[in-house]
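Note sheet for the following structure.
The values are calculated or read from the model by the stated rules, or taken from the named source; none is laboratory data. No experiment lies behind these values; they were computed from the predicted model shown. Every residue, glycine among them, receives a Cβ derived from its backbone with ideal geometry; neighbour counts consider all protein chains shown. Protein only, heavy atoms only, side chains kept; ligands, DNA and RNA dropped before computing areas. Shrake-Rupley method; radii C 1.70, N 1.55, O 1.52, S 1.80 Å.
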Amino acid sequence: MNPFRQLLKSAGAHPPVGTWIMSASPLVAEATGHAGFDWAVIDMEHSPLDMMDVLQMMQALSCTKMVPIVRVAWNDAVLVKRVLDAGATTVMFPFVQTAEEAARAVAATRYPPQGNRGMAGMSRASRFGTHPNYLTTANKQMGVIVQLETAHAIERIDAIADVDGVDGLFIGPADLSASMGHVGQLTHPAVMDRMAQAVLRCKAAGKPVGTIGGDPESVAQYRAAGFDYVAVGSDLGLFMQGARSAIAALRT
């Protein structure tokens, strides 16, 4: 089974806690994996990662229990193909606005006839050709998370959640708040209400939904709203919080 689906299935009453990896450092990624997070997003959208970096990040995380998710920079089949060949099993797609875009994301992660992923026998994903029947079994192992980041996307959440092959949805509060005219106000009452309504609609559709908060307090609010998996900050954000706290304590 796909590792992220398995994580959600075994979570029980406690939503799995993750974080974002934006440092582009395999060493920091490995340390983050040993810190105790359940999952993490290797972020290609807002960090300087290229394909070799992503591969090295996944190698670093393979010795930890943390489940990696790769967020591609865009819903692009060529980029997705390379990420999957490098060994990613769960991909997050940013800024999905329609069911058609969600279906295109799923197709990029599947070999024909279910999708349009290009075939390659010699890849890290197939253990360099030693994985028995990889090409015929890989489709069932793939996970897809689509990210809804605007009020427009939330309006279409039912149709997006209904797309076969979408394993989870993810509400991006920063972009959502901006699209609603509340830039930087991630926990604005109107934004929180929109997110809570999205949770109810995802649950009605039978699809897990996640989100991210910058601190434990905001994440606690998201948990209370019923989100199935949550992330707190990022490796760089957590480092900066600790660094600034230490400096402030020594300068008082």
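Can you give the extra length, in nm with one decimal, that the chain gains between Leu200 and Met51 once fully stretched, where that is 0.36 nm per residue apart less the Cα-Cα distance?
Values: separation 149, 0.36 × 149 = 53.64 nm, distance 3.66 nm.
My answer for the length gained is 50.0 nm.
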Under a cut-off of 18 Å between alpha-carbon atoms, report the lysines in cross-link reach of Lys81, not counting same-chain residues fewer than 8 places apart. Lys140
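Quick one: if the Förster radius is 25 Å, what FRET efficiency do His152 and Ala77 give, using the C-beta to C-beta distance and rounding to 0.05? Working shown, then result.
Numbers: r = 23 Å, r/R0 = 0.93.
Here the calculated transfer efficiency is 0.60.
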Using a simple spin-label model with points 7 Å from Cα along the Cα→Cβ vector, what separation in nm is obtained for His131 and Met240? 3.6
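Cα gyration tensor of the stretch 85-124, axes a ≥ b ≥ c as square roots of the eigenvalues: rounded (a/c below 1.5), prolate (a/b > b/c) or oblate? Mind showing how you got there, number by number?
Values: a/c = 3.85, a/b = 1.64, b/c = 2.35.
Oblate, since a/c reaches 1.5 and b/c is not below a/b.
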Could you state the number of Å between the C-alpha centres of the stretch 208-252 and the stretch 24-63? 18
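Tell me, what is the per residue accessible area of the chain in Å², probe radius 1.4 Å? Could the numbers behind the result be given before it?
Values: 11740 Å² over 252 residues.
I get 47 Å² per residue for this part.
Computing the accessible area with a 1.4 Å probe over protein heavy atoms, can you report the carbon and sulfur percentage for the chain? The partial results should precede the final answer.
Numbers: 6740 of 11740 Å².
Carbon-and-sulfur percentage of accessible area, whole number: 57.
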Please label the shape of the stretch 1-83 as rounded, prolate or oblate, based on the square roots a ≥ b ≥ c of the eigenvalues of the alpha-carbon gyration tensor (a/c under 1.5 means rounded; beyond that, a/b larger than b/c means prolate, else oblate). oblate
If you compute Rg and Dmax of the Cα atoms in Å for the structure shown, which of (1) 18.0, 64; (2) 18.9, 69; (3) 21.8, 81 do you land on? (1)
Nearby lysines by direct alpha-carbon distance to Lys65 (threshold 18 angstrom, same-chain neighbours under 8 apart not counted): Lys9
